[in-house]
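After the C-alpha cells below, expect a handful of questions from me.
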Amino acid sequence: MTDAKSTSSEGSAAGSFSPRPLNAAMAEEVERLLSGRTRDIRLSGDLRRRYEERSWRQTAKVMRSWMTWVAFVDVLTLALNAILLPHDVALSMVAPACLLPPAAIFTALIWRKPRPAWLQRASLLGGMGLILLSVALVGVFAGGEFYERHLTIMLFVATSAITIFSVPLAWTIAIACYALCLYFVFQWYNPLAEAGSVVAGTLFFSCGIIATVVARRTMNILAQKTFLLDCRDQRRVAELADANARLERLARTDPLTGIANRRWMMETLERLWRGGGQTGVAAMLMCDIDHFKALNDKLGHGEGDRCLVKVAGIIQSCVRADRDLVSRHGGEEFLIVLPDVEEEEAMAIARRIRESVEAAALPNPGSGVGPSVTLSVGVALKSALDADISLANLQHEADMALYRAKEGGRNQVCVFRRSQQAAPSEQIAARR
C-alpha cells in the first residue's frame with residue numbers, strides 16, 4: 001500500500017498518520033474530485049500516497065487479524081478431523097493443510113510494519129494463493145464428499161478476504177480470479193462432477209465473487225471520498241485558524257507602527273498582575289514626543305506618521321527584545337514595561353531611548369526645544385517591597401513623572417519617587 005519513498009518516514013511511526021497541510025495543487029485536486037460524481041473518484045500522485053499512508057495502519061491490522069484467525073481455524077479443523085474422521089481420511093488432509101499456517105503467519109509478519117509496495121503486494125497475493133490452494137487440496141486429497149465441499153469452503157475464504165481487505169482493486173481482482181480458476185480446474189477434474197454442473201457451478205459462484213468485488217470497489221471509493229472530505233475540512237480549519245491568528249495579530253498590533261497597541265499591553269499587564277507575575281521589581285516608562293502637534297501642523301500628518309514609525313523602531317532597538325514590553329499608548333505616547341530591573345538599569349534604558357531619538361535628528365521645525373524631534377520620559381518604579389502597588393497606581397506614577405518632565409522643559413527623563421514629588425534626574429540645556 002505504500003511506496004518505497006514513504007516507507008522510511010512511516011517506519012518510525014509504525015504506520016501512524018500525521019496530517020500535513022495540503023499544498024495548492026493538492027487542494028485544487030481535492031475540490032475537483034469532490035465536485036464530480038462519487039463513482040468517478042480516482043486518487044493519484046501525492047493524494048494517493050497520502051491516502052495510503054493514512055489507511056495503511058487499519059488495513060494492516062485487519063489483515064494480520066484475518067491471517068492469524070485463518071491459521072488458528074486451520075489447525076483447529078485439522079485436530080477435529082483427526083478425532084472425528086477415519087484415520088486414513090484425516091491423514092490424507094495433513095500434508096495440504098500444513099501449507100496454510102506458514103503462509104498466513106508469514107504474510108501477517110510482512111504486514112507488521114510499512115514496507116515497499118511490491119513486497120506487500122507479493123506477500124498478500126502469494127500468501128492468499130497458498131491459503132486458497134491449501135484449502136482446495138485438502139478436499140482433493142481427501143476425495144469423495146470432501147472434494148466439492150472444500151472447494152466451496154475455498155471460495156468462502158476468498159470472498160471473506162475480498163470483503164474485508166481494503167487493498168487496491170487490482171489486488172482484489174487477482175484474488176478473485178485465482179479463486180475462481182482453482183475452483184473451475186479442480187472441479188473439472190472431479191470424478192463425481194459432470195461438465196455441465198461444473199460450468200454452472202463456476203458461473204454461479206462467479207456471480208457472487210463479482211458482486212463481492214463490486215461491493216469492495218464501492219467501499220474503497222467511499223473510503224477515498226471520506227479521506228477527501230477530511231482533507232478539505234483540515235484545510236478549511238487551517239485556513240480559519242490562520243485567519244483567526246491574523247485577526248488576533250491585528251487586534252493587538254498598532255497598524256501604523258507595527259508594535260503592540262494599548263489594548264494588548266493593558267490586557268497583558270493585567271494578566272501578569274493578576275497571576276502574580278509582576279510581584280517583583282519592575283519599571284514603567286511613559287514616553288511622549290515633544291511638540292508633536294506642531295510637527296503635524298508644519299510638516300503634515302504624513303510626516304507625523306513617519307516620525308511615529310521611526311520613534312517606535314528606535315524604542316524597540318533600545319529595550320531587551322526577549323522580555324521588555326513596548327506599545328503605542330495613543331497618539332504620540334509610548335508605554336514601556338521593564339520587568340526585573342533596578343532603578344539604575346531602568347534609568348539607563350530611559351536615557352538611551354531619549355538620546356537615541358534625539359540623535360536620529362528627525363525634523364520638527366515647530367518644536368520649542370530644538371530643530372529635531374525629542375522625547376520626554378517619565379519613569380515609575382516598583383520594588384520587591386511594593387507588593388501593594390497596583391497596575392493603575394504604577395501607570396499613574398509614570399504619568400506624573402512624564403508630566404514633570406514636560407513641565408521641566410521637555411527632552412528629559414524624570415523618575416517618580418513616592419517619598420517626594422517627581423523630580424528631574426536629567427535635564428537638557430534646551431528648555432522652554
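The values are calculated or read from the model by the stated rules, or taken from the named source; none is laboratory data. The structure displayed is predicted, hence computed values, not measured ones. Cβ: placed from backbone, ideal geometry, glycine included. Neighbour counts: every protein chain shown. Side chains are part of the model used for accessible areas, which takes the heavy atoms of the whole protein and leaves out ligands, DNA and RNA. Shrake-Rupley method; radii C 1.70, N 1.55, O 1.52, S 1.80 Å.
Given the conditions (1) out of contact with any Pro (no Cβ under 9 Å at 6 or more places or on another chain); (2) touching a residue at least 40 places away in the same chain (Cβ under 8 Å); (3) open to solvent by less than 20 Å² (accessible area, probe 1.4 Å), which single one is not true for I164?
All conditions pass for I164, except number (3).
Considering only residues that are of a type outside the set (D, E) and under 30 Å from the mean Cα position of the chain (by Cα), which ones fall in region 256-269?
G258, I259, A260, W264, T268
Still on this structure: Hey, does region 230-245 have a residue that's farther than 30 Å from V319 by Cβ, touching a Lys or Arg at 6+ places or on another chain (Cβ under 9 Å), open to solvent by less than 50 Å² (accessible area, probe 1.4 Å) and in a helix (DSSP H, G or I)?
yes
Still on this structure, I have one more. Just to be sure before I move on: is R217 free of Cβ contacts under 8 Å to residues at least 12 places away in the same chain and open to solvent by 70 Å² or more (accessible area, probe 1.4 Å) in the structure I sent?
no
Further question on the same structure: Restricting the search to region 232-256, which residues are among the aliphatic types (A, V, I, L, M) and without any contact (Cβ under 8 Å) to a residue 40 or more places away in the chain?
Within region 232-256, V237, L240, A241, A243, A245, L247, L250, A251 qualify.
The rows are residues; the columns are (1) assigned to a helix (DSSP H, G or I); (2) at pLDDT 95 or above; (3) under 24 Å from F72 (Cα atoms); (4) in contact with a Ser or Thr (Cβ under 7 Å, 6 or more places away or on another chain).
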{"site": "L132", "(1), (2), (3), (4)": "yes, yes, yes, no"}
{"site": "E148", "(1), (2), (3), (4)": "yes, no, yes, no"}
{"site": "T159", "(1), (2), (3), (4)": "yes, yes, yes, yes"}
{"site": "C181", "(1), (2), (3), (4)": "yes, yes, no, no"}
{"site": "V185", "(1), (2), (3), (4)": "yes, yes, no, no"}
{"site": "A193", "(1), (2), (3), (4)": "no, no, no, no"}
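If I ask for residues that are loosely packed, with under 13 Cβ neighbours inside 10 Å and basic (K, R), which ones from region 30-60 would you list?
Those that are loosely packed, with under 13 Cβ neighbours inside 10 Å and basic (K, R): R32, R37, R39, R42.
Can you confirm whether D297 is charged (D, E, K, R), modelled with pLDDT of 90 or more, open to solvent by 50 Å² or more (accessible area, probe 1.4 Å) and closer than 30 Å to S356 by Cα?
Yes: the conditions hold for D297.
Does region 229-248 include one or more residues that are among the small types (G, A, S) and closer than 30 Å to R37 by Cβ? Walk me through it before giving the result.
Residues of region 229-248 among the small types (G, A, S): 238, 241, 243, 245.
Those left that are additionally closer than 30 Å to R37 by Cβ: 238.
Yes, the conditions are met somewhere in region 229-248.
Hey, can you tell me all the residues within region 395-411 that are among the small types (G, A, S) and in a helix (DSSP H, G or I)?
Answer for region 395-411, where residues must be among the small types (G, A, S) and in a helix (DSSP H, G or I): A398, A401, A405.
When you check A387 against the structure, is it open to solvent by 50 Å² or more (accessible area, probe 1.4 Å), modelled with pLDDT under 95, among the aliphatic types (A, V, I, L, M) and part of a helix (DSSP H, G or I), yes or no? Walk me through it before giving the result.
Details: open to solvent by 50 Å² or more (accessible area, probe 1.4 Å): yes; modelled with pLDDT under 95: yes; among the aliphatic types (A, V, I, L, M): yes; part of a helix (DSSP H, G or I): no.
When the stated conditions are applied, A387 does not pass them.
Something else now. Could you run through region 323-357 and say how many residues are free of Cβ contacts under 8 Å to residues at least 40 places away in the same chain and under 17 Å from Q412 (Cβ atoms)?
So the count comes out to 3.
In addition: Looking only at region 350-362, which residues are β-branched (V, I, T) and touching a strand residue (DSSP E or B) at 6+ places or on another chain (Cβ under 6 Å)?
Start the filter on region 350-362 by keeping residues that are β-branched (V, I, T), which leaves 353, 357.
Once the filter is applied, which keeps residues that are β-branched (V, I, T) and touching a strand residue (DSSP E or B) at 6+ places or on another chain (Cβ under 6 Å), region 350-362 yields only V357.
Run down A60, A117, A122 and say which single residue is touching a Lys or Arg at 6+ places or on another chain (Cβ under 9 Å) and farther than 30 Å from G143 by Cα.
Working: A117 fails: touching a Lys or Arg at 6+ places or on another chain (Cβ under 9 Å); A122 fails: touching a Lys or Arg at 6+ places or on another chain (Cβ under 9 Å).
Result: A60 is the single residue among A60, A117, A122 that is touching a Lys or Arg at 6+ places or on another chain (Cβ under 9 Å) and farther than 30 Å from G143 by Cα.
So, A392, is that one at pLDDT 80 or above, in contact with a helix residue (DSSP H, G or I) (Cβ under 6 Å, 6 or more places away or on another chain), among the hydrophobic types (A, V, I, L, M, F, W, C) and not in a loop (DSSP other than H, G, I, E, B) or not?
The answer is no for A392.
Next question. Of all residues in region 71-89 being more than 48 Å from the chain's Cα centre (by Cα), free of Cβ contacts under 8 Å to residues at least 12 places away in the same chain and part of a helix (DSSP H, G or I), which is surrounded by the most Cβ atoms within 10 Å (Cβ to Cβ)?
A82
Count, please, the residues in region 99-134 that happen to be open to solvent by less than 60 Å² (accessible area, probe 1.4 Å) and without any contact (Cβ under 8 Å) to a residue 40 or more places away in the chain.
The number of residues fulfilling the criteria is 9.
Just checking, does region 53-64 include any residue being outside any helix (DSSP H, G or I), in contact with a Ser or Thr (Cβ under 6 Å, 6 or more places away or on another chain) and in contact (Cβ under 8 Å) with a residue 12 or more places away in the chain?
No, because not a single residue in region 53-64 is outside any helix (DSSP H, G or I), in contact with a Ser or Thr (Cβ under 6 Å, 6 or more places away or on another chain) and in contact (Cβ under 8 Å) with a residue 12 or more places away in the chain.
Could you list all residues from region 182-213 that are open to solvent by less than 80 Å² (accessible area, probe 1.4 Å) and under 30 Å from R42 (Cα atoms)?
Those that are open to solvent by less than 80 Å² (accessible area, probe 1.4 Å) and under 30 Å from R42 (Cα atoms): F205, S206, G208, I209, A211, T212, V213.
While we're here: Scan region 326-343 residue by residue and report those that are in contact with a Cys (Cβ under 9 Å, 6 or more places away or on another chain) and either open to solvent by less than 20 Å² (accessible area, probe 1.4 Å) or more than 17 Å from M400 (Cβ to Cβ) (or both). Walk me through it before giving the result.
First pass over region 326-343, keeping only residues in contact with a Cys (Cβ under 9 Å, 6 or more places away or on another chain): 329, 332-336.
Passing the criteria: H329, E332, F334, L335, I336.
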